[in-house]
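The values are calculated or read from the model by the stated rules, or taken from the named source; none is laboratory data. Values in this document were obtained by computation on a predicted structure and should not be read as measured data. Reconstructed Cβ throughout: ideal geometry from the backbone, glycine too, with neighbour counts over all protein chains shown. Heavy atoms of the whole protein, side chains included, go into the accessibility calculation; ligands, DNA and RNA do not. Shrake-Rupley method; radii C 1.70, N 1.55, O 1.52, S 1.80 Å.
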Amino acid sequence: MRLTHWLARPAASLLAGVAQAACIADPFSGQPRWWLQVLSLAVLAWLLAHHAQRLRACEKTRHARSWRGGFGIGWLFGLGWLAGTFWWLFISLHTYGGLPAPLAVAAVLALAGFLALYYGLAGAVFVALALRVRQPMPCAFGFAALWTLAELLRGTLLTGFPWGASGYAHVDGPLAFLARYVGVYGLGFVAAALAGLLALSSHIDWRGPRVLAAAVVVALAGAGLWGWRWHDLNDGATLLPATAVALLQGNIPQDEKFIPGTGIAESLSWYGEQLHTVDAPLVVAPETALPVLLEELPEGYWQALLERYARSESVNELGRAALLGVPLGDPQRGYTNSVLGLTGNQAAPYRYDKHHLVPFGEFVPPLFKWFVRMMNIPLGDFMRGPLRQPSFAWQSQRLAPNICYEDLFGEELAARFVDPAGAPTAFVNVGNIAWFGDTVAIDQHLHISRMRALEFERPMLRATNTGATAIIDHRGQVTHLLPRLTRAVLTGSFQGRTHTTPYARWAAVWGLWPLAAACALLVATLGLARRKHPAV
């Protein structure tokens, strides 16, 4: 394949990035497409390798030009991918935030362009690596290591924004079983290595004894990991009794949600009614279901809820419990985006304060107050809760709340597994992404929660304002789901679990550092290796 026109390479890179965006949740069905993720990433690897080949013909100028071309290819891929993934930020900025449309478009492109710098840097380094190493298989794994390092940087620096990481495309694919061992970023490494091998396949001697030996080792390792996964999943000692739950989806219009007399009154009325009448042992209401501070609630409202869940009678005599989102605080101590847990025999309600806050939505980064003043988004500056907070202990369950996009940070959820005796038996995500309308953001967030269920082999209960309100089992499968943008109550059951996955063990202690160190070591080893002459 020849790319002769000067626009061909940039266009191919940009279009491959757009295809990468569609693989997380395609815009037609909302389903992940793992094969599209590998194919689109293979296009990126091929473009970078092709650029390195061209540079070898320009021996005198290749060192001066290598990083520029590689950076441009990687950056354009990242721009198309990221802008195509979270384009719906435009809705929150323009429709609900009040920014003029051109400025909202510019803000989304600026964010995508900034985050794409990580992939531009990875592309530049890969081209330099390909010029030095040249052997196809080491280059393929070098590409995977650089890709993973870029993903890790995007997910951690400046509070991190890893939405749409490539590994989420594999929540239903043949690689999904690896999540319990290496997490979403490790899964992304494996997918990137496959993409690199696919891109460089024409240069690999597949009949060589080393390739055959490697294939046998990979096949045996994969079979062993698969078998051990099912051994753990079918270990009956880890199962807790099935528990019935009701998840509330109020579908309160976002442009009215915090308006007195309309959205606030509607929220308090509907959620209050459901919290009092739904006959399930556990009831979960979404983020800011009660959209005002407790002292601003109507007289007797809060006391009635406390009394309702202090009484023990319920289905099967389990005792009632509720988890509901509510803002807490005052001007002196600051405000928190919180979840309160109500049940009997409590000296005070259980409390969880959101730890990982959304920039601009929940806190204002330095030097950006002017930007926030241009938007009309309430509750824009919260205090951060601690990383390790106790779970909500109820009956035999330890329910670990996380609020909105906190379930995007698996390494932070893993911190709750430091003490296996107090580790969560199930996760509860309360959210409100009505800010982004009826878009693919709902599907993307559902798949993010499914990946967390796969990593930790824990059920994930999702109660949201507009969707996706769902029950996800420990295999990452959706067992119950409400239609989006409807006002309804989802009832079902879940089974908590008590065993600990390998990913939960190592990520609880070291976070993402082992994966980052392994990728950096691989890149350094390839970079310091003596030049090999067979060309990629």
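Sort through Val326, Val339 and tell me the only one that's out of contact with any Asp or Glu (no Cβ under 7 Å at 6 or more places or on another chain), closer than 28 Å to Val358 by Cβ, part of a strand (DSSP E or B) and touching a residue at least 40 places away in the same chain (Cβ under 8 Å).
Val339
Is it fair to say Leu93 is surrounded by fewer than 17 Cβ atoms within 10 Å (Cβ to Cβ) and assigned to a helix (DSSP H, G or I)?
no
Please work out if Leu99 is on the phi < 0 side of the Ramachandran plot, touching a Leu at 6+ places or on another chain (Cβ under 8 Å), assigned to a helix (DSSP H, G or I) and open to solvent by less than 20 Å² (accessible area, probe 1.4 Å).
Spelling it out, it is not the case that Leu99 is on the phi < 0 side of the Ramachandran plot, touching a Leu at 6+ places or on another chain (Cβ under 8 Å), assigned to a helix (DSSP H, G or I) and open to solvent by less than 20 Å² (accessible area, probe 1.4 Å).
Is there any pair linking a residue in the stretch 342-359 that is under 17 Å from Leu294 (Cβ atoms) to one that is aromatic (Phe, Trp, Tyr) and open to solvent by less than 30 Å² (accessible area, probe 1.4 Å), with Cβ under 6 Å and at least six apart or on different chains, and which?
Leu342/Tyr309; Tyr350/Phe392
For the stretch 4-31, how many residues meet the condition of being open to solvent by 10 Å² or more (accessible area, probe 1.4 Å) and out of contact with any Ser or Thr (no Cβ under 7 Å at 6 or more places or on another chain)?
Adding up the residues that qualify gives 18.
Scan the stretch 371-392 for residues that are modelled with pLDDT of 95 or more and either surrounded by 21 or more Cβ atoms within 10 Å (Cβ to Cβ) or under 22 Å from Ala242 (Cβ atoms) (or both) and jot them down.
Ser391, Phe392, listed by residue number.
Which of the numbered conditions does Thr61 fail, given that it passes all the others? Conditions: (1) of a type in the set (Val, Ile, Thr); (2) at pLDDT 90 or above; (3) open to solvent by 40 Å² or more (accessible area, probe 1.4 Å).
Only one criterion in (1) of a type in the set (Val, Ile, Thr); (2) at pLDDT 90 or above; (3) open to solvent by 40 Å² or more (accessible area, probe 1.4 Å) is unmet by Thr61, namely (2).
So in the stretch 246-277, with the set limited to residues that are open to solvent by less than 20 Å² (accessible area, probe 1.4 Å) and in a loop (DSSP other than H, G, I, E, B), which one is nearest to Gly98 (Cα to Cα)?
Going through the qualifying residues, I end up with Gln254.
Quick check: anything in the stretch 294-309 out of contact with any helix residue (DSSP H, G or I) (no Cβ under 6 Å at 6 or more places or on another chain), in a loop (DSSP other than H, G, I, E, B), open to solvent by 50 Å² or more (accessible area, probe 1.4 Å) and touching a residue at least 12 places away in the same chain (Cβ under 8 Å)?
Looking for residues that are out of contact with any helix residue (DSSP H, G or I) (no Cβ under 6 Å at 6 or more places or on another chain), in a loop (DSSP other than H, G, I, E, B), open to solvent by 50 Å² or more (accessible area, probe 1.4 Å) and touching a residue at least 12 places away in the same chain (Cβ under 8 Å), one finds at least one in the stretch 294-309, hence yes.
Select from the stretch 515-536 the residues that are modelled with pLDDT under 90 and under 36 Å from the mean Cα position of the chain (by Cα) and list them in ascending order.
Gly527, Leu528, Ala529, Val536
Given the criteria within 18 Å of Gly74 (Cβ to Cβ) and either modelled with pLDDT under 65 or in a helix (DSSP H, G or I) (or both), does Ala221 qualify?
Here the answer is no, as Ala221 does not meet what is asked.
Report, by residue number, each residue of the stretch 130-142 that is open to solvent by 10 Å² or more (accessible area, probe 1.4 Å) and closer than 16 Å to Cys519 by Cα.
Passing the criteria: Met137, Pro138, Phe141.
Against the definition (under 15 Å from Gly17 (Cα atoms) and either modelled with pLDDT under 95 or open to solvent by less than 10 Å² (accessible area, probe 1.4 Å) (or both)), how does Thr85 come out, yes or no?
Here the answer is yes, as Thr85 does meet what is asked.
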